[in-house]
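Engineer: Mind having a look at this structure? Questions to follow.
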Amino acid sequence: MAAAGAAFTDLEVVRGKRAALFFAAVAIVLGLPLWWKTTETYRASLPYSQISGLNALQLRLMVPVTVVFTRESVPLDDQEKLPFTVVHEREIPLKYKMKIKCRFQKAYRRALDHEEEALSLDSMQEAETMLAEPQEQAEGSLTVYVISEHSSLLPQDMMSYIGPKRTAVVRGIMHREAFNIIGRRIIQVAQAMSLTEDVLAAALADHLPEDKWSSDKRRPLKSSLGYEITFSLLNPDPKSHDVHWDIEGAVRRYVQPFLNALSAAGNFSVDSQILYYAVLGVNPRFDPASSSYYLATHSLPHVINPVESRLGSSAASLYPVLNFLLYVPELAHSPLYIQDKDGVPVATNAFHSPRWGGIMVYNVDPKAYNNSELPVRVEVDMVRVMEVFLAQLRLLFGIPQPQVPPKCLFSGPKSEGLMTWELDRLLWARSVENLATATTTLTSLAQLLGKISNIVIKDDVASEVYRAVAAVQKAAEELASGHLASAFVASQEAVMSSERAFFDPSLLHLLYFPDDQKFAIYIPLFLPMAVPILLSLVKIFLETRKSWKKPEKID
């Protein structure tokens with residue numbers, strides 16, 4: 001009976017050992033891999049090598065220039081060499097990791113019959129009208145017409161002409177080095193109409209180190225898909241002034257043509273408002289000599305903040321907002337003038353703030369107060385106001401006054417206030433800015449994901465990254481080919497895709513637990529199960545080891 005009980009006990013011990021080993025095997029072979037697989041962080045593959053290669057990207061900005069020679073513009077021997085192509089390339093000296101080269105590809109050819117006829121006219125406007133009829137030029141391209149040295153199309157003291165479209169005129173010369181001399185003049189004109197160091201420096205101001213000139217280039221707005229423009233009339237003293245302004249008609253006549261010409265750079269929305277009892281945050285100072293009030297230059301930055309709280313336009317906007325304020329000073333502080341740093345009144349009586357907008361002070365004519373009861377009716381001269389606001393709008397969009405070469409006749413913009421080649425120059429700058437922004441965003445994202453290994457990289461985030469990298473490469477190729485319109489579209493796509501990937505909600509670090517929180521979650525789950533299994537394994541190991549060391553009996 002005792003022997004049967006001992007045998008049963010041994011059987012139970014063996015069965016317990018087998019059960020412990022089975023549980024341990026299931027936990028190790030099946031449980032641990034299953035837990036590891038179901039709790040691992042999913043990370044889709046990203047083109048890290050291509051992203052790192054974007055920092056060494058070299059941009060070649062090609063400007064196609066068609067040079068058209070009339071019959072008597074160069075010697076006959078040189079005319080027989082036409083057509084041929086000359087390439088002029090130079091590097092833009094900017095302190096930026098991305099090397100930028102400007103490439104002018106000059107295609108020389110003879111003038112066609114209708115071009116000869118147009119350039120033989122006596123009026124430049126008639127010639128431009130006749131030359132523009134056959135076809136429109138592509139974005140970013142230029143056409144330079146070389147006329148006779150003695151042509152009356154230009155004044156005799158002028159060597160070149162820059163028009164509102166993508167065309168220019170240069171005087172020829174009867175010289176054995178005619179092509180070299182004319183080529184230098186063409187490069188001067190082409191640079192004035194396309195790419196300059198200042199234009200690119202303004203576009204890359206946020207990416208360049210602070211130095212003596214980049215701080216002055218931070219005035220233009222950053223590139224965006226859209227912009228909102230708000231015109232506000234500030235009447236702090238409605239008891240004294242009954243101000244009327246035809247803002248709808250002014251926007252329709254002056255602002256909308258400018259925005260239509262600028263539509264390739266983004267979408268625009270315009271609104272207006274009138275704010276009563278909105279005063280400036282600075283008390284003007286009285287000048288006894290002129291019996292007027294003035295705002296000094298150092299006090300202008302303090303004017304914006306108190307007024308901005310009343311505007312309420314940028315809080316709910318998805319796009320950058322430009323504010324243009326027309327301020328009619330109260331009767332107690334009239335007339336009010338803005339002084340420059342030398343204490344001289346500013347001619348426009350206005351100032352602008354980079355990437356914010358502009359403010360113009362509109363003084364009421366003192367004669368309006370004679371024999372008039374308050375409030376005085378004030379009719380705002382919208383022509384004078386819009387001249388100031390449009391000039392500020394050009395500066396805020398990075399469209400400075402052109403720097404024409406010596407002895408160059410400049411026509412100026414037409415009614416829309418923007419020349420066609422100025423728009424091209426803006427698109428060049430915006431394309432380079434977009435590529436720099438997309439490259440910086442992708443590089444920062446790759447560094448972030450490389451340092452924090454437990455961030456989930458979803459497939460849609462990875463697809464946006466791949467799309468952004470491909471768009472950057474495409475934009476660079478289009479710029480090198482001289483296709484400005486498609487390059488600008490690709491650069492916008494690169495910025496949008498890179499920012500969508502960078503700001504994807506799944507990348508927020510608050511969605512992932514640090515290691516101490518992981519232990520706090522997993523220990524209560526695995527400890528009750530792991531302790532019995534580990535103790536059983538230790539007991540089995542000790543018993544097995546003890547049985548190996550037990551000496552055998554020798555009869």
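Engineer: State the number of residues belonging to segment 268-300 that are over 27 Å from residue 378 (Cα atoms) and at pLDDT 90 or above.
Structural biologist: Going through segment 268-300 one residue at a time, the tally reaches 2.
Engineer: Now for a different question. Please tell me if residue 70 is open to solvent by 20 Å² or more (accessible area, probe 1.4 Å), in contact (Cβ under 8 Å) with a residue 40 or more places away in the chain and assigned by the TED database to the domain that holds residue 187.
Structural biologist: Here the answer is no, as residue 70 does not meet what is asked.
Engineer: Oh, and also: Sort out which residues of segment 532-555 are loosely packed, with under 11 Cβ neighbours inside 10 Å, of a type in the set (A, V, I, L, M, F, W, C) and at pLDDT below 75, and write them in order of number.
Structural biologist: Selection gives 554 alone.
Engineer: Out of (1) touching a Ser or Thr at 6+ places or on another chain (Cβ under 9 Å); (2) crowded, with 17+ Cβ neighbours inside 10 Å, what's the single condition that is false for residue 103?
Structural biologist: It fails just one condition, (1).
Engineer: Now, a different point. Can you go through 463, 486 and tell me which one is under 30 Å from residue 65 (Cβ atoms) and either in contact with a helix residue (DSSP H, G or I) (Cβ under 8 Å, 6 or more places away or on another chain) or modelled with pLDDT of 90 or more (or both)?
Structural biologist: 486
Engineer: Return only the number of the condition from (1) β-branched (Val, Ile, Thr); (2) open to solvent by 60 Å² or more (accessible area, probe 1.4 Å); (3) part of a loop (DSSP other than H, G, I, E, B) that residue 274 does not satisfy.
Structural biologist: Exception for residue 274: condition (3).
Engineer: Across segment 480-496, what is the number of residues that are in contact (Cβ under 8 Å) with a residue 60 or more places away in the chain and open to solvent by 50 Å² or more (accessible area, probe 1.4 Å)?
Structural biologist: Matching residues across segment 480-496 total 3.
Let's see how each residue does on (1) in the same structural domain as residue 382 (by the TED database); (2) closer than 20 Å to residue 396 by Cα; (3) open to solvent by 20 Å² or more (accessible area, probe 1.4 Å):
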| residue | (1), (2), (3) |
| --- | --- |
| 244 | yes, no, yes |
| 256 | yes, yes, yes |
| 262 | yes, yes, no |
| 270 | yes, yes, yes |
| 326 | yes, yes, no |
| 330 | yes, no, yes |
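Engineer: On to the next question. Pick from segment 121-167 the residues that are open to solvent by 30 Å² or more (accessible area, probe 1.4 Å) and among the polar types (S, T, N, Q): which of them is modelled with the lowest pLDDT?
Structural biologist: Within segment 121-167, the match that is modelled with the lowest pLDDT is 135.
Engineer: When you check residue 303 against the structure, is it under 22 Å from residue 346 (Cα atoms), not acidic (Asp, Glu) and not in a strand (DSSP E or B), yes or no?
Structural biologist: For residue 303, the condition - under 22 Å from residue 346 (Cα atoms), not acidic (Asp, Glu) and not in a strand (DSSP E or B) - is met.
The values are calculated or read from the model by the stated rules, or taken from the named source; none is laboratory data. Remember, predicted model here, so these are calculated numbers, not experimental data. Backbone-built Cβ (ideal geometry, glycine too); neighbour counts: all protein chains shown. Side chains included, ligands, DNA and RNA excluded: accessible areas come from the protein's heavy atoms. Shrake-Rupley method; radii C 1.70, N 1.55, O 1.52, S 1.80 Å.
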